[in-house]
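J.: Structure provided below as structure tokens; questions to follow.
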């Protein structure tokens, strides 16, 4: 399955596009990505696992965004906004997984037609948005991260999000040594085994990145920056 729509998406408006239309809102341009589905399935699927921190079921209350959902990803300090929904399937406090349906595409709020507006803000360790004076009210271009959230790296991120708090440090372990050599600071979880495409991997979360490696391929350790 693809995200944010099961059969794939068409991008109808890029980040920072049409600045002339958004100046009235105090923005330097479009503050997210607009998508429509390629197939008939109009359900919106979560692009990343996290916790629902806002669900607005009333389009009047939601104003510009209409019916919308905001999902926080603590491991990566990301806030995802899904806006202009026709229906909202989740509620505040729910834990959602990547690929889980969270709502139905619609045209509520300030919109010229049915589509999904996907917005992304980065946060501090407490989940508060940062860079609020960047000209886009803290929103950043989600395109690269949406592309990243597929295949092996998504399997790493999903497993890291489900991890338990870190265990005592093993300073002889390959992942720990790699993290220290690359300035990723302290570990936040123990080593976490998982399987992807029939291969065994290990991942571990550190303050500034998520390290992973295929078992036995210790010379090819990689990491996903936070």
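J.: For the stretch 139-149, give me each residue that is in contact with a strand residue (DSSP E or B) (Cβ under 9 Å, 6 or more places away or on another chain) and either part of a helix (DSSP H, G or I) or not assigned by TED's automatic domain parsing to the domain that holds residue 73 (or both).
T.: Within the stretch 139-149, 143, 145, 146, 148 meet the criteria.
J.: Restricting attention to the stretch 18-44, report how many residues are within 15 Å of residue 81 (Cβ to Cβ) and outside any loop (DSSP other than H, G, I, E, B).
T.: Count: 5.
J.: Right, here's the next one. Of all residues in the stretch 74-98 being part of a loop (DSSP other than H, G, I, E, B) and in contact with a helix residue (DSSP H, G or I) (Cβ under 9 Å, 6 or more places away or on another chain), which is surrounded by the most Cβ atoms within 10 Å (Cβ to Cβ)?
T.: So, considering only residues that are part of a loop (DSSP other than H, G, I, E, B) and in contact with a helix residue (DSSP H, G or I) (Cβ under 9 Å, 6 or more places away or on another chain), the one surrounded by the most Cβ atoms within 10 Å (Cβ to Cβ) is 76.
J.: Is it true that residue 15 is in contact with a strand residue (DSSP E or B) (Cβ under 9 Å, 6 or more places away or on another chain), part of a loop (DSSP other than H, G, I, E, B) and either touching a residue at least 60 places away in the same chain (Cβ under 8 Å) or closer than 14 Å to residue 94 by Cβ (or both)?
T.: yes
J.: Would you list the strands (runs of 3 or more DSSP E) that sit entirely within the stretch 186-226 and hold 1 or more residues that are closer than 17 Å to residue 161 by Cβ and free of Cβ contacts under 8 Å to residues at least 24 places away in the same chain?
T.: Once the strands (runs of 3 or more DSSP E) in the stretch 186-226 are filtered for at least 1 residues that are closer than 17 Å to residue 161 by Cβ and free of Cβ contacts under 8 Å to residues at least 24 places away in the same chain, what remains is 192-196, 222-225.
J.: Checking residue 136 against (1) more than 30 Å from residue 18 (Cβ to Cβ); (2) modelled with pLDDT of 90 or more; (3) part of a loop (DSSP other than H, G, I, E, B), which test does it fail?
T.: Here residue 136 meets the rest and fails (1).
J.: Now a separate question. Out of 110, 126, 170, 131, I need the residue that is assigned by TED's automatic domain parsing to the domain that holds residue 219 and either outside any strand (DSSP E or B) or free of Cβ contacts under 8 Å to residues at least 24 places away in the same chain (or both). Which one?
T.: Testing whether each residue is assigned by TED's automatic domain parsing to the domain that holds residue 219 and either outside any strand (DSSP E or B) or free of Cβ contacts under 8 Å to residues at least 24 places away in the same chain (or both) leaves just 170.
The values are calculated or read from the model by the stated rules, or taken from the named source; none is laboratory data. Note that the coordinates shown come from a computational prediction; the quantities given were computed from them, not determined experimentally. So basically every Cβ, Gly included, is an ideal-geometry build from the backbone, and we count neighbours across all protein chains shown.
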